[in-house]
Amino acid sequence: MSATVLVGSQWGDEGKGKIVDILSEKFDIVARYQGGANAGHTVMIGEKQYILHLIPSGILRENVICVIGNGVVIDPQALLEEIALLESHGISVDGRLFISQNAHLIMPYHKLLDSISELGEQKIGTTGRGIGPCYIDKYARKGIRIVDLLNRAELEKKIRINLKEKNDLLQKIYSHEGLDVEAIVKQYLEFDKAIDKYIKDVPAFLNQALDEGKSVLLEGAQGTFLDVDHGTYPFVTSSNPTSGGACTGTGIPPTRIDSVIGIVKAYTTRVGNGPFPTELTDEEGEKLRQIGAEFGATTGRPRRCGWFDAFLVSYSKMINGITSAAVTKLDVLSNYEKIKVCVGYELNGRRLKTFPTNVEQLNSVTPIYEEVDGWMEDITSCTSYDDLPSKTKDYLDFIAKHSGINISIVSVGPKRKQTFWVDR
Ligand code: GDP
Ligand code: IMO
Ligand code: MG
């Protein structure tokens with residue numbers, strides 16, 4: 001039995017999709033456990049680029065079974081479009097994509113409320129995919145789930161009840177004309193035909209697979225600091241991307257998880273609003289954005305960029321129980337004579353002992369930097385740890401030491417072959 005969780009250790013977009021693709025060669029099953037089509041996971045195979053939003057990145061390997069767990073919120077339209085896109089590339093999902101009956105459905109009113117509520121005073125900078133409003137309904141116990149697609153009368157009843165309330169809200173609070181109930185009922189009754197064949201009792205399926213000795217990789221979306229409980233609240237997403245979410249989001253118990261891989265970008269990025277102590281708002285940040293091609297895979301927004309924050313990643317290690325780390329995008333730092341790394345924070349003249357997730361504190365901290373030598377040479381064709389220049393190895397050692405992580409994988413470019421294991 002082997003269940004491994006893969007988490008983003010920063011604010012998302014660490015290169016999870018690429019590493020899932022690499023690792024899935026060794027796994028039988030890859031399962032998503034939270035989030036929805038807010039995620040954008042990029043995988044490059046040869047010159048072809050695939051961006052996956054809902055379907056686990058393991059789908060690109062034909063022997064891998066992919067599962068969408070109960071913790072995920074599913075936009076059926078986005079799901080069917082993604083399946084069609086994969087099929088247009090000759091990748092069939094039939095017989096190897098399964099969806100939990102307990103996953104919640106994103107409805108048109110979730111997407112509308114997501115964009116309307118962003119017009120208020122506190123703008124989070126969401127992806128507009130309806131994620132927050134869908135999780136609100138889940139926890140308010142008003143949500144509509146995948147299982148409801150199997151009972152047309154029940155589905156129609158739930159949609160009508162929900163829409164009555166949502167239209168009241170839209171009209172009275174947001175002065176919006178409201179949504180057409182009949183059109184939504186018709187649209188969602190249609191999804192039943194297309195989606196039924198993927199529905200599965202996911203906890204039973206995954207636990208039985210583990211009983212049979214199969215291996216499961218649990219693919220996190222977003223990142224630790226976007227976690228609704230452990231992130232920079234309220235500038236977070238509405239789910240638990242941290243490793244604990246992998247259990248509640250799939251039905252695999254904690255006692256069956258044996259390792260947690262943290263995906264660590266060699267510098268830091270963030271999309272959307274919220275604190276970011278090591279952000280570079282000047283031309284240095286622009287340089288990182290251009291070299292790293294830091295533009296959102298889902299929304300195309302420019303990502304905010306900054307130096308590596310070891311204090312942040314050390315918190316991530318603690319919260320997730322990271323047993324080993326994959327460092328990505330190391331090649332992006334090849335043009336720097338000196339590279340800064342944040343090793344701690346000062347607040348009101350005192351060095352903090354523990355990482356503050358409180359937004360007011362985080363907005364006021366001063367990062368403590370140490371400067372290390374850059375390596376100033378192209379590393380994109382390195383194929384082993386030994387190939388790396390000694391100063392690149394020193395950088396890896398430095399960030400590993402200050403974050404408390406054990407680096408097992410290094411990525412020096414977006415392609416499969418630009419990845420290697422560190423065996424020292
Ligand atoms: P995810 O959301 O964590 O899966 O990450 P994204 O796919 O949103 O963003 C990562 C971006 O970096 C994608 O465009 C990847 O193709 C790219 N990428 C991944 N690893 C590397 C790497 O080691 N070097 C470079 N230059 N690009 C990488
Ligand atoms: P992957 O899986 C980076 C950010 C949004 C916003 C906040 C809330 O590709 O790493 P939401 O739409 O979830 O309510 O938005 O979270 N966000 C991400 N940032 N990568 C992601 O996913 C993200 N998914 C959501 O930009 O700040
Ligand atoms: Mg992404």
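The values are calculated or read from the model by the stated rules, or taken from the named source; none is laboratory data. From a predicted model like this one, the values you see are computed outputs, not experimental measurements. Heads up, the Cβs are rebuilt from the backbone with ideal geometry, glycines too, and the neighbour counts pull from every protein chain shown. Only protein heavy atoms, including side chains, enter the accessible area calculation; ligands, DNA and RNA are left aside. Shrake-Rupley method; radii C 1.70, N 1.55, O 1.52, S 1.80 Å.
Quick notes
- Directionally averaged projected area (region 281-418, Cα convex hull): 9.4 nm².
- For region 228-250 versus region 168-216, the spacing of their alpha-carbon centroids is 20 Å.
- In degrees, nearest ten, helix 108-117 long axis to first principal axis of the chain (Cα): 50
- Against the chain, whose longest principal axis comes from its Cα atoms, helix 283-292 is set at around 70 degrees.
- Residue with peak Gaussian network fluctuation, the chain [Cα springs, cutoff 10 Å], from 135, 267, 188: 188
- Hull volume per residue, based on the alpha-carbon atoms of region 369-424 and their convex hull, is 92 Å³.
- Order by protection proxy (mean Cβ within 10 Å, highest first), peptides 154-167, 28-41: 28-41, 154-167
- Amide hydrogen neighbours beyond the local backbone of residue 242, cut-off 5 Å, H modeled: none
- Expected 222 nm ellipticity per residue - DSSP helices of 4 or more, -39500 (n - 2.57), all of the chain, to 500: -9500 deg cm²/dmol
- The chain: mean projected area of Cα convex hull, nm²: 20.6
- DSSP beta bridges confined to region 34-193 are antiparallel in about 50 percent of cases.
- For region 48-166, the carbon plus sulfur part of the accessible surface works out to 52%, probe radius 1.4 Å.
- The residues of the chain have, on average, 41 Å² of accessible surface per residue, using a 1.4 Å probe with all protein chains present.
- The antiparallel fraction among DSSP beta bridges confined to region 275-424 stands at about 75%.
- Computed over the chain with a Gaussian network model linking Cα atoms closer than 10 Å, the most mobile of 233, 369, 336 is 336.
- Accessible area of residue 311 in the full protein assembly, 1.4 Å probe (Å², nearest 10): 20
- Area accessible to solvent at residue 82, 1.4 Å probe radius, in Å²: 10
- Beta bridges assigned by DSSP with both partners in the chain are antiparallel in approximately 40 percent of cases.
- Taking every protein chain into account, the 1.4 Å probe leaves residue 366 with about 80 Å² of accessible area, to the nearest ten.
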